[in-house]
1. Which number in (1) away from the ligand (no atom under 14 Å from the Cβ); (2) out of contact with any Ser or Thr (no Cβ under 8 Å at 6 or more places or on another chain); (3) over 28 Å from K527 (Cβ atoms) marks the one condition that N692 misses?
2. Looking at segment 78-123 only, could you name the residues that are within 16 Å of the ligand (Cβ to nearest atom) and either outside any loop (DSSP other than H, G, I, E, B) or small (G, A, S) (or both)?
3. On the basis of being part of a helix (DSSP H, G or I), closer than 27 Å to N681 by Cα, away from the ligand (no atom under 16 Å from the Cβ) and touching a residue at least 60 places away in the same chain (Cβ under 8 Å), does L477 make the cut?
4. Restricting segment 386-430 to residues that are more than 20 Å from F358 (Cα to Cα) and among the polar types (S, T, N, Q), which is surrounded by the most Cβ atoms within 10 Å (Cβ to Cβ)?
5. If you take the residues in segment 193-251 that are more than 30 Å from A472 (Cα to Cα) and among the aromatic types (F, W, Y), which one is modelled with the highest pLDDT?
6. So which of R310, R355, R380 ends up being surrounded by fewer than 21 Cβ atoms within 10 Å (Cβ to Cβ) and without any contact (Cβ under 8 Å) to a residue 40 or more places away in the chain?
7. Could you grab me the full set of residues in segment 323-338 that are part of a helix (DSSP H, G or I) and hydrophobic (A, V, I, L, M, F, W, C)?
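The values are calculated or read from the model by the stated rules, or taken from the named source; none is laboratory data. The structure presented is a predicted model; accordingly, all values stated were derived computationally and were not measured. When we count neighbours, we look across all protein chains shown, and the Cβ atoms used for this are built from the backbone with ideal geometry, even at glycine.
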Amino acid sequence: YFSHESLGGIELSKEEIKTAFLEKLFYGIGRIPSVATTNDFYTALALTVRDQVFKRYVRSLEEYAELDSRGIAYLSAEYLPGPHLGNNLLNLEITEETREALAELDIDLEALLEQEVEPGLGNGGLGRLASCYLDSMATLGIPSIGYGIRYEFGIFNQTLKEGWQAEVTDKWLHYGNPWEVVRPEIAFEVRFGGRTEHGKNEDGTLKVTWTPDSEVKGTAYDTPILGYNSNGIVMRLWKAEAIDSFDFSAYNMGDYYRAVEKKMRSENITKVLYPNDENLSGKELRLKQQYFFVCCSLQDIIRLHLMQGRKLNTLSEKFSIQLNDTHPSIAVPELMRLLVDEHDMEWEEAWHVTRHTFAYTNHTLLPEALEKWSVHLLGRLLPRHMEIIYEINRRFLNELREKHYTGEQIARMSIIDERGEQSVRMAHLATVGSFKVNGVSRLHSRLLKSQVLNDFADLWPSQFTNITNGVAHRRFLAVSNPGLAELISEKIGKQWLTDLPQLKGLEKYADDVDFRERWMQVKLQNKIGLARHIKERTGVELDPSMLFDVHVKRIHEYKRQHLKVLHILSLYLRLKNGKGEGISPTAFIFGGKAAPGYFMAKRIIKLITSVAELVNNDKEVQDRLKVVFLPNFSVKQAQRVYPAADLSEQISMAGKEASGTGNMKFALNGALTIGTLDGANVEIREEVGEENFFLFGLNTEEVQTKKASGYHPYRIYDRNEELQEVIDFLISGELENGNTEIFRPVHDNLLQQDPYLLLEDYQSYIEKMEEIHEVWRSPVKWAKMSILNVARMGKFSSDRSIHEYAEEIWKVEPVKVQLSK
Ligand code: 26Q
């Protein structure tokens with residue numbers, strides 16, 4: 001995918017790093033080594049690395065400006081970059097030099113890496129995907145900017161209190177952030193509320209003026225994203241502030257306090273990330289956040305465009321703007337407003353520009369997750385946008401009428417949902433306002449076309465496409481699993497760092513005894529490391545020789561963490577009943593956050609911790625089963641967990657998980673997968689071979705048939721003795737010393753509705769797990785499968801995804817980058 005040659009490292013020697021580091025410690029932080037804290041050392045190193053990052057970044061800006069090529073704006077309300085230090089060291093190719101330089105000062109690089117607090121500016125998959133994509137855009141040399149929101153408080157930190165999730169504020173900026181730079185001169189005003197006036201220009205044409213009732217300012221904070229062996233791109237995040245006039249308009253005390261209040265209200269907009277995924281909140285502040293960052297980003301894009309001496313009607317020739325889900329979809333009416341109201345463009349021309357500029361990525365089929373905003377709320381907060389949406393819709397529905405669509409079809413496709421309280425369907429708005437719509441895995445894109453957006457796909461078939469997600473394999477293999485990375489490079493060289501399909505070269509070593517042993521030795525070392533970490537965090541001791549069976553991701557009923565729990569209980573009961581012969585010693589590791597308002601998800605966490613408590617303290621099953629819930633799953637935790645996993649749990653109900661990306665990170669690190677035919681599992685299985693993938697459960701079509709024909713979970717319960725025992729156990733009181741009520745909601749939900757078909761898939765899951773335990777008892781077979789999985793994961797690099805976006809959607813050529821020395 002690379003148009004530029006790998007140009008080698010920046011040739012920073014160990015001595016130079018040491019000198020620079022000591023200077024930063026002294027002049028940047030005012031400390032000498034003898035009194036410095038770990039955080040002082042971390043900051044000094046971060047500042048040292050940051051200099052190198054900025055040196056390259058400056059060059060990159062010049063390069064892109066000179067070339068005047070097409071550019072990409074990636075609009076995402078969320079990013080999860082993970083810790084920067086380790087990744088930047090890899091990208092600069094100075095990890096070893098740095099490690100040695102610090103060692104000479106008696107400082108352990110690992111301890112400093114451990115010190116970094118990551119920016120948790122996202123909920124999960126969608127935010128992490130955005131960060132993987134920035135990494136690949138930087139690495140491929142695609143002129144691009146990632147726009148987003150600089151939340152002061154990111155996703156909450158999760159702690160456990162008596163086994164329940166408790167949320168703690170994430171103060172990620174507390175120790176300062178060496179990776180960003182504020183750009184006070186890049187700031188824009190954003191207006192809210194008020195009313196519109198429809199008047200006339202001197203020449204008689206229509207002129208709409210919007211008189212808002214409040215205004216805030218958005219200021220740019222830039223974080224360079226380096227990319228491997230590249231000069232990098234920028235992630236530009238907006239922070240809300242009061243506009244200056246408010247600060248100084250006070251000359252008596254009353255006004256002074258009013259000014260302060262106003263300032264605080266303005267800053268509220270970027271205060272905190274909404275911790276919901278796959279569920280809309282309908283909250284005014286969330287809509288404000290979305291409009292705020294979209295408005296700043298579009299003004300910035302237009303500024304960059306005009307700065308190059310270009311006309312606005314050529315915007316789409318020079319820019320593609322990718323919408324990461326509907327969260328930034330208010331950009332469609334906002335661009336129309338900027339073009340028509342502020343730059344006096346004719347509606348038709350403005351619409352042409354708009355519809356050739358945006359592309360929209362859908363990440364969900366869940367009806368409850370499709371964004372809708374009430375017309376009332378949107379009209380109050382953004383009155384001009386509401387008018388523009390109505391006008392877009394009026395013209396769109398007219399087109400349908402001309403094509404003789406029925407009233408029913410028109411009501412279905414309308415941007416305005418007229419059933420119940422009027423609301424704006426953001427997915428329809430984004431689809432109508434974009435030139436391309438893509439799903440995130442082959443299955444998901446097919447379902448998008450045949451279900452959620454089927455009317456639109458029939459109307460504009462060529463507008464729909466698929467780009468299967470990918471992951472930043474440099475972060476999730478090279479940085480986080482150095483042992484495996486080194487073993488791989490020893491056999492096939494380092495080319496895989498920029499060309500993941502090269503992993504194919506490992507296939508032939510699957511039959512090499514010595515290689516297999518070293519392969520499993522690396523895994524064992526990673527498991528020892530994770531076990532140590534888990535012991536520190538939870539007090540639970542895991543034997544690293546156990547099968548590490550891992551389920552980490554946001555807690556959601558559709559992801560079926562509780563199916564895993566049913567399995568664990570079945571094993572526990574078998575052991576208690578003396579029927580545990582086929583059970584290989586297993587450590588079940590869970591991790592993931594629940595949305596604070598999601599009752600069932602929080603109860604599932606409590607269920608896991610209760611089962612853990614029971615199992616871990618039962619002498620009879622000691623050494624056979626262990627269960628841990630690792631609190632506060634994050635990118636940082638993820639980087640420890642994936643390399644140590646033997647088995648990856650990807651067990652969502654078929655048709656629900658748009659793609660999944662954890663599934664890719666596990667397999668890339670040599671874990672085998674047990675999974676349903678959902679999301680990207682389908683493609684992973686296709687790549688690694690069905691004999692190297694543990695498949696179970698209904699597929700999407702079977703799920704739909706089952707549901708349509710009337711699903712009765714009780715009948716399944718009634719006919720399966722072991723399942724009965726497991727389900728009954730939930731309300732037996734044995735889990736929460738005598739309390740029979742605590743898990744009754746879970747129990748009742750499963751027996752009465754079971755919307756995610758746990759009982760239906762239960763037996764198939766249990767049987768597949770038995771097969772897995774059998775394979776586990778044959779280390780040779782397991783090791784071969786593990787090696788073949790990694791060797792065949794080449795497709796799932798985000799470099800490949802971004803290459804496809806560039807070719808199929810953006811029509812942009814990677815730029816030949818000259819590395820700055
Ligand atoms: C929307 C409105 C109001 C408040 C919050 C939200 C909101 C925020 C985050 C809605 C959804 C999200 C996140 C969704 C998400 O992470 N989706 C995942 O995206 C991944 C990347 O494509 C896929 O791999 C996963 O399958 C999908 O669940």
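1. All conditions pass for N692, except number (3).
2. Residues satisfying the conditions are Y79, G82, G120, L121, G122.
3. Yes, satisfied.
4. S423
5. W210
6. The conditions single out R310.
7. Residues satisfying the conditions are A331, V332, L335, M336, L338.
So that you can scan it fast, the table gives a plain yes or no per residue for (1) assigned to a strand (DSSP E or B); (2) within 16 Å of the ligand (Cβ to nearest atom); (3) modelled with pLDDT of 95 or more:
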residue: Q299; (1), (2), (3): no, no, yes
residue: T314; (1), (2), (3): no, no, yes
residue: E317; (1), (2), (3): no, no, yes
residue: V340; (1), (2), (3): no, no, yes
residue: M345; (1), (2), (3): no, no, yes
residue: E348; (1), (2), (3): no, no, yes
residue: H352; (1), (2), (3): no, no, yes
residue: Y360; (1), (2), (3): yes, yes, yes
residue: T364; (1), (2), (3): no, yes, yes
